[in-house]
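All remarks here apply to the structure that follows.
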Amino acid sequence: MKKEMWAIFGGSLLLYVVIVLLIAVGPAIDLARTPPGPGVKPLTPLEEEGRQVFASDGCDYCHTLQVRPLPEDKVFGRPSAPGDFAYATPEMLGSERTGPDLTDVGNRRGEVWQYMHLYDPRAVSPGSIMPNFKFMFHEVKAVPAGVAAVPLPPAFAPKNGDKVIPTQRAEALVAFLMSLKQPAIPGYAMNGGMGGQAVASAPAAAPAASAAGGYAYDAAKGKTGFDTTCAACHQANGEGVPTAFPPLKGNAAVGDDDPTTQLDTILHGRQGTVIGGVKYSGVMPPFAGQLNDEDIANIANYERSSWGNHAKPVTPAEVAKLRAAGK
Amino acid sequence: MAVTVQDLSRTGPTPIRGEQDDHELSSIFKAYTVSATFWLIFGTAVGLLLAFKFGAPDFWAGKYLTFGRLRPIHTNDVFYGWASIALVGTAYYVTVRSCGTKLYSTALAWAGLWLFNIAAIAGTIALDLGYNWGDLEYREWPWPIRLVFLAALIVTVWNILATIARRESQDIYLSNWYIVGGLLWTCIICLVAVLPWYQYGLGQVTISGYFMHNAVGMWFTPLALGLFYYAIPKVLNRPIYSYALGVLAFWTNLVFYPMLGAHHFLFSPLPWWLQTTAIICSVGMLVPVLGGGANYLLTMRGRYHGRIESYPLAFLFVGVLCYVFGSMQGTVEALRSLQAIWHFTSFTVGHSHFTMYGFVTFAAWGGIYALLPLATGKRPGQLGMAVHFWLATTGVAIYVISLSIGGTIQGLDWVHGKPFIQSVVDMEPYYLWRGVGGILMFLSHLVFVWNVWRMTAGKPGDAPSPIMQSEEAGA
């Protein structure tokens, strides 16, 4: 009787332990030693505090922190590499994308946008179903010296005229979000879904081979590119957000037949913009590393031909010239 | 061997012991069921609120009621509060009865119940205060709290092993293989999940993949299957179709299930061989799933009659169907081509409810309706069980179907390169239907409370004996 107990329970326990050592503990010990990739750095104390906020308020349940080597993930960055996660403890790769992946969000959104979006996601992203995180902000009568109030559109600002300033919790969280920047790995790109091993292919930022001739503006690509990359701040209707993100509708730089300012802004970012006496506090990140010349030309042409704008179309060649000049 | 099984799974003319003479066992079974029912109500009330928030994101968005804090409270409480406590309660009854003996220690059973509850209460409070162990799926509780849960498991397995050791029969009935296996394996799972030495970066990702599927497949699955092997023959008053098939399913489950966890991280930077092993083992799972499923369905053969004779059997039947189809769905989802579309979408949420609700929760309900009246001598009302059954079945069907369709649309939106917000907008009607399903499911739980009340402290109802007439007697 005792023998049967030992055989069944002892046997199944032993077999299970062996399997677990082989499939989980062994690989984990090995993979925990993965060295950091080039440019992968540990977080600063404030960013680390922000990571704790990210975990304790459960951001990871709707936002992944991993990019797969699949075409549909290209919009979030290059495929994640093993070395990206050397300092990512606790791991927050995530299992659901109710909202978009955040692996490279630090390169795609500025701090001002993050504060506005946390205070009320609908202020910058109509249709978003993310909860607001107003509990991470103070509403004050007078903004203390050295603190920047969050520039909210009137419809989303407190009704009593109070100003909104971030708490330490929000500052830490935004510091963490801004730290989420993928270091570039030249030559590391799609590989037919084969685990993201490095293959020799042109980096996404390289000038398109066909740039010199044969370019035709693709309006559909222009719109998709704009909606995916630019609309978060400048809004789908091109009107921007007052005092935060400038409008592109009727924007002098967009309407200028000389595209230098517009293309330079897309390629290399801009801050401290003043239009008609209004100062815009948003910081635009550079997109030279994320969009190729043809993408940028399509987006620029979409902006030049939408919302009542009528300006001379640009070509990828012009983008390539300014890209080279800006380096 | 077959003779033993028949003895164990039938209520013969002279049962080994009277069903109601074991008052200690009865009160333990009652206490576990009542406690589990509390967590079911609490956990699914939170779930319903979460479903509502998809349509009204600014509703109750304060610090302690924000989506990201309530979400792990929902998953952990239905896992470790409801399903774990309910299945351990039935496991005590199954083990004691199938061994034809008395429980080794009542005190240990009570201690276990306290420990399970302390862990669930402390875990809920910790998560709401923001002490979340890194959003690691199903192991969000701070590690000291998960050690309390481990202590509950150790107390339970000790008690159950000691009970089996004092059995009067020669053989150990199959249910106990699954119950003890599940308890022992889960002790290992809990230990591997807290040991700190390899929980860095990708090492921790490996453990997350291992943990999130082993906590389901090596804990809830074996306990629910063990319950099936006892409750289905008991209700039908006939032996299990094939004992050998059950043994085969046990060992193949043990070989394939532990290795499939990495399929949660397909296309991630985890080593390619680990991902491929997980896919192969996900396909291998068809052996125990189809073997086990066929065994249960063949045991039920000829007893459908086009109408529901017995609600305990109806719950067990839906549980078996969801086990078979939910697991097969899991195999299909693990294939790379389909995972590329479904991963990260709400399809996965549909799958987890198909299995944790359709399979595990229906198994627990079937087991409770089949066995609790035998322990307490009190039956629920037939109408109460019927309302519970139809609300829960309709609700979970709406839930799973809407999220499966919506999740597929979500994934295709991404594949077609639409702006991300499009996938959010397209999900809106499916989130709404998920909420409708959720309301029906929650209402069914309130009816379940009423039924539990009648089986324990309240006035018994009019339901017939959960044990159906055997064919010999009927014919």
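Quick rundown of the values:
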| item | result |
| --- | --- |
| Every pair of residues 6+ apart whose Cβ atoms lie under 6 Å, when the first sits in region A:25-39 and is facing another protein chain (nearest Cβ under 7 Å) and within 20 Å of B:P258 (Cβ to Cβ) while the second is among the β-branched types (V, I, T) and in a helix (DSSP H, G or I) | A:P27/B:T206; A:A28/B:T206; A:A28/B:I207; A:L31/B:T206 |
| Region A:48-72: number of residues that are more than 7 Å from chain B (Cβ to nearest Cβ), touching a Ser or Thr at 6+ places or on another chain (Cβ under 9 Å) and open to solvent by less than 10 Å² (accessible area, probe 1.4 Å) | 2 |
| Filtered residues of region A:73-91 (kept if under 16 Å from the mean Cα position of the chain (by Cα) and either away from chain B (no Cβ under 12 Å) or assigned to a loop (DSSP other than H, G, I, E, B) (or both)) | A:G77, A:R78, A:P79, A:S80 |
| Selection within region A:258-288 - open to solvent by 60 Å² or more (accessible area, probe 1.4 Å), out of contact with any strand residue (DSSP E or B) (no Cβ under 7 Å at 6 or more places or on another chain) and part of a loop (DSSP other than H, G, I, E, B) | A:D258, A:G276, A:G277, A:V283, A:P286 |
| Residue list for region A:127-138, filter: open to solvent by 30 Å² or more (accessible area, probe 1.4 Å) and more than 8 Å from chain B (Cβ to nearest Cβ) | A:H138 |
| Residue under evaluation A:N107, criteria (1) more than 7 Å from chain B (Cβ to nearest Cβ); (2) open to solvent by 30 Å² or more (accessible area, probe 1.4 Å); (3) within 23 Å of B:M212 (Cα to Cα); (4) among the polar types (S, T, N, Q), criterion not met | (3) |
| When residues of region B:181-191 are limited to those that are open to solvent by 10 Å² or more (accessible area, probe 1.4 Å) and within 7 Å of chain A (Cβ to nearest Cβ), the one farthest from the chain's Cα centre (by Cα) | B:I188 |
| Residues of region B:201-232 satisfying the condition of being within 8 Å of chain A (Cβ to nearest Cβ) and β-branched (V, I, T) | B:V205, B:T206, B:I207 |
| So A:L102, is it out of contact with any Asp or Glu (no Cβ under 7 Å at 6 or more places or on another chain) and facing chain B (nearest Cβ under 9 Å) | no |
| Any hit, region B:154-169, residues being out of contact with any Leu (no Cβ under 8 Å at 6 or more places or on another chain), open to solvent by 10 Å² or more (accessible area, probe 1.4 Å), at pLDDT 95 or above and part of a loop (DSSP other than H, G, I, E, B) | no |
| Filtered residue count, region B:51-104, keeping only those that are among the hydroxyl-bearing types (S, T, Y), more than 10 Å from chain A (Cβ to nearest Cβ) and open to solvent by less than 20 Å² (accessible area, probe 1.4 Å) | 8 |
| Helices (runs of 4 or more DSSP H) wholly inside region B:260-333 that include at least 1 residues being open to solvent by 10 Å² or more (accessible area, probe 1.4 Å) and under 20 Å from B:I467 (Cβ atoms) | B:286-299, B:311-333 |
| Condition met for A:S305 (out of contact with any strand residue (DSSP E or B) (no Cβ under 7 Å at 6 or more places or on another chain), modelled with pLDDT of 90 or more and surrounded by 15 or more Cβ atoms within 10 Å (Cβ to Cβ)) | yes |
| Matching option when the condition is touching a residue at least 40 places away in the same chain (Cβ under 8 Å) and surrounded by fewer than 23 Cβ atoms within 10 Å (Cβ to Cβ), among B:Y173, B:Y138, B:Y131, B:Y178 | B:Y138 |
| Matching residues, region A:139-178, being open to solvent by 30 Å² or more (accessible area, probe 1.4 Å) and in a helix (DSSP H, G or I) | A:Q168, A:R169, A:E171, A:M178 |
| In region A:2-41, the residues that are touching a helix residue (DSSP H, G or I) at 6+ places or on another chain (Cβ under 8 Å) and open to solvent by 40 Å² or more (accessible area, probe 1.4 Å) | A:K2, A:L13, A:L15, A:V17, A:I29, A:D30, A:R33, A:P35, A:P36, A:P38 |
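The values are calculated or read from the model by the stated rules, or taken from the named source; none is laboratory data. Please read these numbers as outputs of a predicted model, since none were measured by experiment. FYI the Cβ positions are ideal-geometry reconstructions off the backbone, even for glycines, and counts take in every protein chain you see. These area figures cover heavy atoms from the full protein model, side chains too; ligands, DNA and RNA do not enter into them. Shrake-Rupley method; radii C 1.70, N 1.55, O 1.52, S 1.80 Å.
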